[in-house]
Amino acid sequence: MGLFSKEKSPEAPNRSKREKCWESRDIYFRCLDRIDVVNPLDKNVQEKIRKNCSKEDSQFQKDCVASWVKYFKEKRPFDIKKEKILREAAEQQANAKIEK
């Protein structure tokens, strides 16, 4: 598609579509949490996801733009790691206050 192409690019999701996407993402990610899957793109867990979360994954892919699905799935392991580090830091800080 060139700069002056007559083809229309996909319309950006409006607010309600974004909210629906986020809701479907959260439902899918809760399913992954239940089956202890951190990285949904890991080839070693694809069968486990297919068996346990295929309905949620399908809905997620239906409700979100494909680039968003890819982004959220790639971002998930980093978000989980970040949350764990922040939680550990908070615990260490709380323990340091108790020791004083």
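Figures for the structure shown
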read-out: Tabulated pairs, the stretch 58-70, first farther than 15 Å from L32 by Cα, second assigned to a helix (DSSP H, G or I) and of a type in the set (S, T, N, Q), C-beta under 7 angstrom, 6+ apart or interchain; value: D63/S24; C64/S24
read-out: Residue satisfying all of: in the stretch 43-52; under 14 Å from K73 (Cα atoms) and surrounded by 13 or more Cβ atoms within 10 Å (Cβ to Cβ); nearest to the chain's Cα centre (by Cα) among these; value: I49
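Just so you know, all these numbers are worked out from the coordinates, no wet-lab data involved. All of these numbers come straight from a predicted model, not from anything done at the bench. Reconstructed Cβ throughout: ideal geometry from the backbone, glycine too, with neighbour counts over all protein chains shown.
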